There are 2 protein chains.
Amino acid sequence: MRRAGLGEVDSIGHLLHEFNREFGEPAPPPSALADRLRRLLDVGDTVVLLAGDGPDGVAVLRFRLSIWSPGLECSLAELYVAPRRRGLGIGRALMDAALREATGRGADTMDIGVDEPDTVARHLYERLGFSNRVGGPDGPVMYVYEREL
Amino acid sequence: MRRAGLGEVDSIGHLLHEFNREFGEPAPPPSALADRLRRLLDVGDTVVLLAGDGPDGVAVLRFRLSIWSPGLECSLAELYVAPRRRGLGIGRALMDAALREATGRGADTMDIGVDEPDTVARHLYERLGFSNRVGGPDGPVMYVYEREL
């Protein structure tokens, strides 16, 4: 488990490309993703965590100033483990590292957008104390709405 | 409808404080919110739109580089209209201005987190082309998961 440096953007681009291909979503070419990751790491609002030699898994964290709390808000933008390396606890290890990284950088909240059928990820997040409900376990759910511009 | 300047952070802090009080969520004092808004406007990743003289309504937009598309991603972080000024189309006017602002700044997506019971806001977003479903109107929903750190 390590923080990715600028020298690893090609690996990150490849993993994120495979991620979107697996889920049938538009996937820019790995080189375009690598270029964008280079900018994000350079701007400094993004931390990428990599697991294993493949690398076998990736977590992308974005940070910004919060409106409602004194610290930063952290968004887990991506979490992906390569298919051949699943079931080994890599996702959990990435999440543990992500929570440590966020706390260490002064974030006081973390948010994640998750599709309803992605039950493996949802259970992982729930085991780690995340909730998609407002004000407690019986509260109403929170949705992500989005559109292209 | 106007873009708020640094001289209006006290008004914004007041509106956002009332927003969270109305929905029973933790509400930092208006002065603390004003201080945070001053920082956000100064950093430049945030645009605040104000409606009316009260001001009567506020929209807060956050911008950052996108991973999946060449432009910026825009989050509508807050949208609030004072209770005495509802039903007059101010929310819609704020959203129209928010979409113009986001497009003008080079955003190619906008996302919003919305609680399930907030049906007035949800209908407004849906009328404007936002969806909480993946891949079309019959697709699965997208949730926001979050936790404090």
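Observations, loosely collected:
- Residues residue B:84 and residue A:32, FRET efficiency given R0 of 45 Å [Cβ-Cβ distance, rounded to 0.05]: 0.35
- Model label sites at residue A:39 and residue A:6, defined 7 Å from Cα along the beta-carbon direction, differ in position by 1.6 nm.
- Plainly put, the tip 7 Å out from Cα toward Cβ on residue B:10 is 5.8 nm from that tip on each other copy, the closest given first.
- Per-residue Cβ neighbour rank within 10 angstrom, fewest leading, B:8, B:146, A:22: A:22, B:8, B:146
- Note on residue A:23/residue A:128: beta-carbon distance plugged into 1/(1 + (r/R0)^6) with R0 of 22 Å gives a FRET efficiency of 0.50.
- Gap separating the Cα centres of the range B:56-111 and the range A:1-60, nearest whole Å: 28 Å
- Inter-copy spacing of residue B:100 label points, which lie 7 Å from Cα along Cα→Cβ, given in nm from shortest upward: 5.0
- Position residue A:23, label points 7 Å along Cα→Cβ, spacing to each other copy in nm (shortest first, one decimal): 2.4
- Kirkwood Rh, angstrom, the range A:25-69 [1 / mean 1/r, Cα pairs]: 12.3 Å
- Extreme residue, positive dipole direction of the protein assembly as shown, given options A:72, B:89, A:142 (C-beta unit charges): A:72
Every number here is computed from the coordinates shown, using simple stated rules; none is lab data. Owing to the predicted nature of the structure, the values given are computational and were not obtained by experimental measurement. Ideal geometry is used to build each Cβ from the backbone, glycine not excepted, and the neighbour counts take in all protein chains shown.
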